[in-house]
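No value in this document is a laboratory result; all are computed from the given coordinates. In this text the structure is predicted, and so the values were computed from the model without any measurement. Glycine gets a Cβ as well: all are built from the backbone with ideal geometry, and neighbour counts include every protein chain shown.
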Amino acid sequence: MTAAFTTAYISHPDCWKHDPGSYHPERPGRMDAINDRFIASGLFDHLDQYEAPLAKDEDLARVHPDDYIHSIHAAAPTQGTTYLDPDTAMSPGSLKAILRAAGSGILATDLVMEGKVRNAFCSVRPCGHHAESDRAMGFCFFNNIAVAAAYAVEHWGLERVAVIDFDVHHGNGTEEMLSNKPEYLMCSIFQHPFYPGSGTHNPASNMVNVPLPRGSRGDALKKAALEEWLPALRKFQPQMIFISAGFDAHVEDDMAGLAFVEADYAWVTKLLKDLADEICDGRIVSILEGGYSLSALGRSAEAHVRVLAGL
């Protein structure tokens, strides 16, 4: 089947309804920042738009134990706020947002594998890459990217799947879930030392972790991608690439201390897109992670998706 457009855009109104508190950085306005930018730039005119489905327990259970899945359902409040850790809170609207965020990658994977689009971007919240198999943390509940990658392997029968994480924080949950599993290769950059303090102690052989010191700019990202990621990816020959697309390494984002700009996100996206076009029929699924300076988030997401869409 030939797609009307190259790129799917997947989101859902429920993703606005997760409210961890008025002063929480992972706020509903993040969705507005991306949507407003895509509308103002005309980018939506070039994307196939879909609504994210609710993730099924069987899809979550590929990376999360049943008891943990049930605990998230049970923790959902009917009023007020429930804290699972000091940073990670649920409101009455959170559970559906959490399930939509996890379900977005399932739909994206299906759309790409069915040939309806070549790639997809999931504009969803809450983010996922800090969620460990049995622990919510760092604003994350279920690990959206790992849920999607495991679905690609187990449902679609892929033998080699790569996960790329350029969020400013190390994706500790994704690493925990994928370490020492030969079907997966994970490549990441992250500020170090920094939250959550992981990623540098004896990583598994299928982890290509590149810690960057505070103040690192786009040249450090390029060096990591060209000298560390690309050789590993070429050797691994993934059949699909998943991206944990965090934009909180932007110089304007005061949640962290790296100094990337929109052009850096466009550059690394093109590198990955060109590689995917070369070795895996262009198959990319990108899922939003961090990004807390609203203007920078909107501009960076636009730069990322413009490259995915070939614009």
**Item:** Separation between Cα centres of segment 240-271 and segment 175-228, rounded to whole Å
**Value:** 14 Å
**Item:** Listed residue (Gly246, Trp156, Val305) projecting farthest to the positive dipole end of the chain, Cβ model
**Value:** Val305
**Complete:** Amide H proximity to His192 below 5 Å, modelled H, separation 5+ or other chain, gives Leu212, Arg214
**Request:** First select every other residue whose beta carbon is under 15 angstrom from the beta carbon of Thr6; then total the charges, Lys and Arg +1, Asp and Glu -1.
**Result:** 0
**Request:** Report Rg/Rh for segment 7-308, rounded to two decimals, where Rg is the Cα radius of gyration and Rh the Kirkwood radius.
**Result:** 0.92
**Prompt:** Using a simple charge model, +1 on the beta-carbon of Lys and Arg, -1 on the beta-carbon of Asp and Glu, nothing else, what dipole does segment 7-308 show about its Cα centre, in debye to the nearest 20?
**Reply:** 420 debye
**Asked** Can you give the Kirkwood hydrodynamic radius of segment 1-77 from its Cα pairs, in Å with one decimal?
**Response** 15.4 Å
**Prompt:** For segment 17-153, what is the convex hull volume of the alpha-carbon atoms per residue, in Å³?
**Reply:** 103 Å³
**Item:** For segment 21-27, Karplus couplings with θ = phi - 60° (6.51, -1.76, 1.60), whole Hz, Gly/Pro x
**Value:** x, 5, 9, 6, x, 8, 10
**Request:** Within 10 Å, count the other beta carbons around each residue, average over each peptide in 274-282, 141-149, and list them highest first.
**Result:** 141-149, 274-282
**Request:** Just list whichever of Lys181/Lys222; Lys116/Lys235; Lys223/Lys270; Lys116/Lys223 have alpha carbons separated by over 25 Å in the model shown.
**Result:** Lys181/Lys222; Lys116/Lys235; Lys116/Lys223
**Prompt:** Got the relative contact order for the chain handy, in percent, Cα pairs under 8 Å and 6 or more residues apart?
**Reply:** 20 percent
**Message:** Out of all DSSP beta bridges in the chain, what portion is antiparallel? Express it as a percent rounded to 5.
**Reply:** 10 percent
**Message:** Which residue, Ala131, Ser198, Pro231, has the largest displacement toward the positive end of the dipole of segment 7-308 when charges sit on each Cβ (Lys, Arg +1; Asp, Glu -1)?
**Reply:** Pro231
**Request:** Could you tally the net charge around Met137, taking each other residue with its Cβ under 12 Å from the Cβ of Met137, Lys/Arg +1 and Asp/Glu -1?
**Result:** -4
**Request:** Using a cut-off of 12 Å between beta-carbons, work out the net charge of the residues near Ile243 (Lys and Arg +1, Asp and Glu -1, Ile243 not included).
**Result:** -1
**Item:** Value of relative contact order over segment 198-278, rounded to a whole percent, pairs C-alpha under 8 Å and six or more apart
**Value:** 31 percent
**Request:** Arrange Asp110, Asp45, Asp14, Asp264 by Cβ neighbour counts within 10 Å, fewest through most, would you?
**Result:** Asp45, Asp110, Asp14, Asp264
**Span-like helix ranges in the chain, DSSP H, alpha carbon extent 20 angstrom or more, Kyte mean at least 0.0** = 94-113, 294-308
**Request:** At a Cα cut-off below 19 Å, give the lysines reachable from Lys96, other chains included and same-chain residues fewer than 8 away excluded.
**Result:** Lys17, Lys56
